[in-house]
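Shown next, in structure tokens, is the structure this report addresses.
The values are calculated or read from the model by the stated rules, or taken from the named source; none is laboratory data. Everything numeric here is computed off the predicted structure, so don't read it as measured data. Glycine also receives a Cβ, built like all others from the backbone with ideal geometry; neighbour counts cover every protein chain displayed.
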Amino acid sequence: MTARRTVLVLLAAALAGIAWYLYGGGQTPAGQPPLVRLTAANFHELRLAFDAASGAPRVIVMLSPT
Amino acid sequence: MQGASAVARLLHTSKDPNIRVLVNWEPVIATDLRSPSSRVLARISDLRARQYWDRERLLSKAMGEKDRATIVWDVIKVYDPAARWNDRLPEPVFSDRPVVRVIDEAARALSFDSGEVTRRTWSVATRAGGGAGWQPTRSLTSCPTKLTDDKLHVPGVMRAGRYMRSTHVTLHLFDTRAVLRSHVVRLTGIFIQAV
């Protein structure tokens, strides 16, 4: 019983670790707005941010995180 | 990661407080399983930056991604202050890759010399449909461009306040600061002379 419980705890911890790795995001540097996770539902926020800065030069950079 | 560091250097060099840099992180290679870590995000710490995690590569698709071969990444695009994102993204005044190699050109496109962006103004000769021959245009601003080999295609140019559509112009580029004749105006370090 104890062994089984230990396995379950380890399994839960492993799943939590995987979930954190996959979905736990990093934090942006102090002073920057939080990281925005784009989805189809909020993609317009990117456009709004782009247009909100019109009148100033804008740069879009597309990078891979690794 | 070199691209992110290059962008950080660009921002460090820039004196323009109004520049906005939208950093779009997206999964491209097999190891891109998760959103960028704090350490990765810290590479671009400038307060003029906004950072996004685009797991579905929505922006890349908006820019034309159709399959893996056409993923838009490791790219830097510079947009004119007047550009607005209406139904579709506007044409950038500069776009190239990989970021680490083209960062100096991107900085020149932003024209940091005076601390402000100098609107790109140049004069060219255009040849619209109908074979009317080359006609000198007035000053052009915010002209969307696409550089292919040694030809600069101008899909639409501003002339007398109106856009001429489907106009293609073949131009020679001169990498010099010498001001040439009236049809050649400085363009952030390069010059364009009509053919």
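Brief remarks follow.
- Any hit, the stretch B:52-59, residues being more than 8 Å from chain A (Cβ to nearest Cβ), over 25 Å from B:ASP104 (Cα atoms), surrounded by fewer than 17 Cβ atoms within 10 Å (Cβ to Cβ) and of a type outside the set (A, V, I, L, M): no
- Within the stretch A:26-38, being out of contact with any Pro (no Cβ under 9 Å at 6 or more places or on another chain) and at the interface with chain B (Cβ under 7 Å from one of its Cβ atoms) holds for A:PRO29, A:GLY31, A:GLN32, A:PRO33, A:VAL36, A:ARG37, A:LEU38.
- When B:LEU47, B:LEU11, B:LEU22 are checked against the criterion of being facing chain A (nearest Cβ under 7 Å), modelled with pLDDT of 90 or more and crowded, with 17+ Cβ neighbours inside 10 Å, a single residue qualifies: B:LEU22.
- Single unsatisfied condition, B:ASP67 versus (1) more than 9 Å from chain A (Cβ to nearest Cβ); (2) closer than 22 Å to A:HIS44 by Cβ; (3) among the charged types (D, E, K, R): (2)
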